[in-house]
Each structure stands twice: as C-alpha cells, then as structure tokens.
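Shown next, in structure tokens, is the structure this report addresses.
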Amino acid sequence: MKRIFIIALAALAFAACTHKTTSSKSKEENTMQTEKETSKTEKQQVQLNDSTHKELKVLLINGSPRKEGNTYLALMEVSKQLEKNGIATELLQIGTQPMHGCTACNHCRKTGHCVFDDDLCNRAIDLMTECDAIIVGSPTYYGQPNGTLLSLVQRMCYAAPQVMQNKPAAAVAVCRRGGASAVYQTLLMPFQMLNMPIVTSQYWNIVYGRDEGEAALDAEGLQTMRTMADNMAWMLKKIHNGTPDYPQREAEHKVTNFIK
Ligand SMILES: Cc1cc2nc3c(=O)[nH]c(=O)nc-3n(C[C@H](O)[C@H](O)[C@H](O)COP(=O)(O)O)c2cc1C
C-alpha cells in the first residue's frame, strides 16, 4: 500500500513537473509567436508607410566612355544609397558610340522625340518618362563635360521638356585634378531652365580619380555622393507622398528676346 502511495505521489509530481515545463514552454512559444507577429505587423506597417509612395525610380546616366571607370563608381555609390532608401535606379551608359548634336531642326517640338533615331537620345527620353528623377555623371575633359553626354542632355531637354519638368535632378563631375566645378555647373544648366529641383549635397558633387577605380579612394567624394542620394530620396518621397502637388505656373510661357 505504502509502495502504491509512493508511486502515485511520484507520478503526480512528474505530471505536475511535465505540465509546468510544457506550459512554460508553450508560454515561451506564445511569447516568441507574439514577438514574431509584432515584428510582422511592424514590417507591414513600414511597408504600408512605404506604399504611400509609388515605386520611385531614378535614371542614372554615366557620361563616360569607360563603362566601369570613376564616374561609374561615383554613380554606383549614389545608386547603393538610393536603394537603401527604397528608391530604384536605372543605369544608362553613354558608351563609345557616336552621338548626334542638336541640329535645331525642331522636329522634336512636334513629336517629343529626336529626329535622329540611331543613338541613345530617344531611348533616354523613354527611360526618363518612366523615371522620377535624373542624375548625370561625367568625367572632366579639358574642363568640360564629355561632349557626347552634354549633347544627349541638351537634346533630351529640348525634345521633351514636359517629361523632364518637376523631376529632381543632380549632376556629378569626376576629375583627376581640376575643372570639375565647370563640368558640374554646365551639366546643371539645362535642368535649371526646366523647372527641375536641383539636388545638392554637403559639397559640390565632385569625385576625384584618374585611373579606373581610383575614385574608390576619395572618401569625401563618396560621402558627398551618399549624402546627395539621401537628399534625392528625401526630396522624392516628399514630392510623391500622395499626389504630387506641383506649383501652378502661368499658362503662357513667355519667350522673348531683344528683337521682338
Ligand atoms: C580627353 C581627356 C581630357 C581630360 N581632361 C581633364 C581635365 O581637364 N581635368 C582633370 O582633372 N582631368 C582630366 N581628365 C582625366 C579624367 O577626368 C579622369 O581620368 C576621370 O577619372 C575619368 O573618368 P572615368 O573613369 O569615368 O572615365 C581628362 C581625361 C581625358 C581622357
């Protein structure tokens, strides 16, 4: 009898212990589950907040014939930072193919596309139609932007001002030693007359380097790129937080010169 009583007591103690372990385990599991769910909800909330912004995309144009040279490196630094901010990028390489200059034929004023269809211009205009902002980068050539890039930017702006307007823009200049600030200013000139907000940084958007890859050593230049990307993302999110609320402009765009 005594033995039966001891066995029963032991069984009871074991059951209580097992129950305790199971219940504390399931409590732990529940806590983990709740934590998981909370973080899931938080994630959904972040996504929800993000979904108030449409999918935003920035067109990057590498104006160097060197496909993966210093301008490319600078633009990739921008691209990585934009992507950290949830902004997509599309890279267009100017490459080594010939580029027409504007012939002032005015064909584009009727069609929104350049009369020359055998270079990158019309493709760039189409990409710009899909994108919400533009960043152009150029090496410094004799204190000037690469001529092919400059010609592309001029023709895009002349052919499709409606596509460009209101979209934030930035320029990046790369040089070995000098002339980059002239490149930077020159590249911004067309954007500055198309109602495009210019995105700046902690310094002019200039990166230093000569041989391919040297730009990776310019810590300040690369930080300037990242800051510009953060500023670009900030501006885009402000603009697209809901339906963009662009300023009302006068219906008639006056074009006068000193003769008439
Ligand atoms: C034709 C030519 C002209 C150049 N002129 C300048 C110049 O005026 N100032 C300067 O600092 N670097 C000048 N450079 C050097 C480039 O700007 C530099 O190597 C830059 O990193 C090239 O960029 P990328 O690697 O993206 O092509 C010139 C290079 C070439 C090929």
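The values are calculated or read from the model by the stated rules, or taken from the named source; none is laboratory data. The model shown is predicted, which means the values in this text are computed figures rather than measured ones. Cβ: placed from backbone, ideal geometry, glycine included. Neighbour counts: every protein chain shown.
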Of the listed residues (L60, L82, L73, L120), the one being at pLDDT 95 or above, under 16 Å from the mean Cα position of the chain (by Cα), of a type outside the set (F, W, Y) and away from the ligand (no atom under 16 Å from the Cβ) is L82
Only one of P168, P161 is at pLDDT 95 or above, away from the ligand (no atom under 16 Å from the Cβ) and under 20 Å from the mean Cα position of the chain (by Cα), namely P168
Going through segment 94-111 in order, the residues found to be under 25 Å from the mean Cα position of the chain (by Cα) and surrounded by fewer than 19 Cβ atoms within 10 Å (Cβ to Cβ) are G95, T96
- Item | Qualifying residue in segment 73-85 (condition: of a type in the set (V, I, T) and part of a loop (DSSP other than H, G, I, E, B)) | no
Here the residues within segment 133-149 that are in contact (Cβ under 8 Å) with a residue 60 or more places away in the chain and out of contact with any strand residue (DSSP E or B) (no Cβ under 6 Å at 6 or more places or on another chain) are T148
Here is a check on your reading of the model: is T227 of a type in the set (S, T, Y) and free of Cβ contacts under 8 Å to residues at least 40 places away in the same chain? yes
Checked pairs for segment 190-218, first farther than 20 Å from N70 by Cα, second basic (K, R) and more than 8 Å from the ligand (Cβ to nearest atom), C-beta under 7 Å and 6 or more apart or across chains, list as M196/K167
Does Y246 satisfy being of a type in the set (S, T, Y), in contact (Cβ under 8 Å) with a residue 12 or more places away in the chain and within 16 Å of the ligand (Cβ to nearest atom)? no
Going through (1) more than 15 Å from the ligand (Cβ to nearest atom); (2) under 19 Å from A173 (Cβ atoms) one by one, A216 fails only at (1)
